[in-house]
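Working notes, structure below.
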Amino acid sequence: MSSATQEKQRKPDTQVLIVGGGLGGLMLAAICRRINISCKVLERTAELTPAGAGISLAPNALRVLDQMGLYGAIQEHGQKLRSIKIHHNTTFWRELDFNMEPWFKYPVYSIERHLFHHMLYEAAGGDETVVLGAKVVDVLDKTDDAVVRARLDDGREFTGELLVAADGIRSVVRRILARNSGMENAANTIRFTGRVHMSGYTQPLEHLSQSDLGVGNWLFFDDSVLTTWPCIENRQWYIGVKVVDPSSVRSDRSVWENTTLDTINDVYGKKFHPFAEHGRFEEIVNKSERFVASNVFSELSFPTMSSGRVALLGDAAHSMTSFFGQGACQAIEDATILANLLHRHFHSSSSTKNIPDVLKKYAREREDRAKAVADFSASYAKIHTANLPLGTGPLIRKLIYGYAPAWVWMWYLKWLYGYQPSVDALDKKRQ
Ligand SMILES: Cc1cc2nc3c(=O)[nH]c(=O)nc-3n(C[C@H](O)[C@H](O)[C@H](O)COP(=O)(O)OP(=O)(O)OC[C@H]3O[C@@H](n4cnc5c(N)ncnc54)[C@H](O)[C@@H]3O)c2cc1C
């Protein structure tokens with residue numbers, strides 16, 4: 001073997017090789033770029049086309065986004081949540097004050113998902129950092145190899161000092177790790193819950209006024225629940241959840257490829273919505289710019305978030321129901337904690353030997369919190385859908401949503417939103 005070939009085998013393409021250019025992978029890349037850690041993102045899709053509907057960003061994620069200089073754009077293009085109106089069928093229960101700024105310094109912002117994704121893509125360095133059309137099919141982390149390798153379906157190979165799997169709920173890397181450690185059962189750890197999301201992002205609703213800006217809606221129907229989040233210009237991001245006949249859905253697919261507006265209207269079209277001009281939700285659905293339907297999965301077992309020089313991040317490690325809008329926020333927390341540990345490592349040592357220990361530390365710091373949020377999200381889903389033992393669901397839901405004062409909500413949510421990790425190296429730069 002020539003010495004040039006040997007050198008290439010020893011020297012990685014980058015320090016941090018990230019599989020998956022979704023919200024978590026791009027957030028990690030954006031932080032790495034700011035704190036001078038080299039990274040490359042391998043993303044299977046060939047281009048970043050507008051996809052999905054909206055996303056809510058909570059205080060626990062906004063602190064680091066602020067630090068990264070992205071908060072101004074989120075404020076400009078997103079909508080701050082002020083309050084939530086709660087209805088049961090057509091009966092108005094109450095308007096809950098949901099302005100979190102006095103409690104957590106940041107509110108909740110709803111923003112078009114694609115726009116936020118694009119912001120992160122730019123912050124990560126765009127095509128200098130992200131390799132599009134790069135579908136990873138294998139990962140090799142051998143103890144006698146100086147680098148970790150990711151192999152693509154077209155035969156290309158990329159190497160890093162470590163690899164971060166941010167490849168989403170059906171993580172290929174997670175399956176490879178399970179296979180390598182002989183845990184065949186761990187390969188498929190998500191289960192279809194029998195529920196389906198239908199989600200969309202609308203044009204501006206011209207008939208609404210300034211006073212409607214920032215007002216969300218929780219609508220509890222007897223057979224489904226529907227939430228609309230206010231977005232900029234009185235656009236609405238809606239997300240409905242309904243139990244479906246499991247045999248009507250292919251459980252291996254997350255997206256109902258043939259969903260049309262009629263599919264959504266068949267379920268929700270005739271239902272009440274306070275923002276619809278004539279009260280029927282189809283008036284809002286028919287103004288959708290984009291819509292998507294996806295099966296809701298739950299996690300059966302949480303994998304450990306590191307193995308050797310490979311770490312799992314975001315949905316690849318801890319997918320959760322979307323009821324409390326925390327999946328991406330947790331991926332952002334993961335990225336922040338991991339970047340801090342990597343910064344400390346790379347600035348104190350050039351040895352790659354300690355990387356497994358650094359990643360173990362990351363796993364220790366993140367696993368309990370992510371699992372607690374996933375468990376909370378699952379429990380909250382039961383209250384939200386009034387699905388509690390002994391038929392107590394409707395009463396408990398009514399007590400919590402109908403009567404619990406806003407301060408009780410905020411006080412309870414301190415553990416979730418009061419934790420606001422930030423990038424240590426950027427804090428130091430400011431001092
Ligand atoms: C309807 C709905 C509403 C939601 N609302 C919210 C919300 O309001 N707030 C919130 O915080 N979260 C929300 N979530 C959850 C949130 O979308 C996810 O938790 C978040 O996107 C996870 O980010 P990720 O980077 O881990 O995975 P993803 O964003 O799924 O990204 C994974 C990426 O990996 C790529 N990839 C996959 N396999 C490979 C491969 N083999 N090679 C290369 N690339 C690969 C994919 O193409 C994708 O780009 C919602 C989810 C749903 C379904």
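The values are calculated or read from the model by the stated rules, or taken from the named source; none is laboratory data. Predicted model, so just to flag it, every value in this text is computed and none were measured. Using ideal geometry, Cβ is built from the backbone for each residue, glycine included, and neighbour counts are taken over all protein chains shown.
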Among helices (runs of 4 or more DSSP H) lying entirely in the range 1-102, which contain 3 or more residues that are surrounded by 15 or more Cβ atoms within 10 Å (Cβ to Cβ) and at pLDDT 95 or above? 23-34, 59-67, 71-77
Output the number of the condition that GLY200 fails; it satisfies all remaining conditions of (1) closer than 30 Å to ASN89 by Cβ; (2) among the small types (Gly, Ala, Ser); (3) at pLDDT 95 or above. (3)
Tally, over the range 103-124, of residues that are surrounded by 18 or more Cβ atoms within 10 Å (Cβ to Cβ) and in a loop (DSSP other than H, G, I, E, B): 4
Name the one entry in ASP167, ASP145, ASP212, ASP138 that is among the acidic types (Asp, Glu), over 26 Å from the mean Cα position of the chain (by Cα) and either surrounded by 17 or more Cβ atoms within 10 Å (Cβ to Cβ) or more than 28 Å from GLY78 (Cβ to Cβ) (or both). ASP145
Suppose the filter is assigned to a loop (DSSP other than H, G, I, E, B), of a type in the set (Asp, Glu) and in contact with a helix residue (DSSP H, G or I) (Cβ under 8 Å, 6 or more places away or on another chain); does ASP167 pass it? yes
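Yes or no, residue by residue, for (1) within 12 Å of the ligand (Cβ to nearest atom); (2) part of a strand (DSSP E or B):
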{"site": "ARG175", "(1), (2)": "yes, no"}
{"site": "ARG179", "(1), (2)": "no, no"}
{"site": "PHE192", "(1), (2)": "no, yes"}
{"site": "ARG195", "(1), (2)": "yes, yes"}
{"site": "LEU226", "(1), (2)": "no, yes"}
{"site": "GLU233", "(1), (2)": "no, no"}
{"site": "TRP237", "(1), (2)": "yes, yes"}
Do you know which residues across the range 90-106 are within 16 Å of the ligand (Cβ to nearest atom) and touching a Gly at 6+ places or on another chain (Cβ under 9 Å)? PHE98, PHE104
Would you mind finding the one in GLY125, GLY155 that is in contact with a helix residue (DSSP H, G or I) (Cβ under 7 Å, 6 or more places away or on another chain), more than 12 Å from the ligand (Cβ to nearest atom) and at positive phi? GLY125
Restricting to the range 51-72, give me the number of residues that are over 19 Å from GLU233 (Cβ atoms) and either aromatic (Phe, Trp, Tyr) or in contact with a Gly (Cβ under 7 Å, 6 or more places away or on another chain) (or both). 2
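Here is a check on your reading of the model: is ALA386 part of a helix (DSSP H, G or I), buried (at least 18 other Cβ atoms within 10 Å of the Cβ), at pLDDT below 95 and in contact with a helix residue (DSSP H, G or I) (Cβ under 6 Å, 6 or more places away or on another chain)?
Judged against the criteria, ALA386 is not a match.
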Could you tell me whether ALA53 is closer than 30 Å to GLY402 by Cβ, within 9 Å of the ligand (Cβ to nearest atom) and in contact with a Cys (Cβ under 7 Å, 6 or more places away or on another chain)? no
Is there any pair linking a residue in the range 162-179 that is without any contact (Cβ under 8 Å) to a residue 40 or more places away in the chain to one that is among the acidic types (Asp, Glu) and within 10 Å of the ligand (Cβ to nearest atom), with Cβ under 8 Å and at least six apart or on different chains, and which? ILE176/ASP138
Kindly indicate which of SER351, SER294 is outside any helix (DSSP H, G or I), within 16 Å of the ligand (Cβ to nearest atom) and surrounded by fewer than 23 Cβ atoms within 10 Å (Cβ to Cβ). SER294
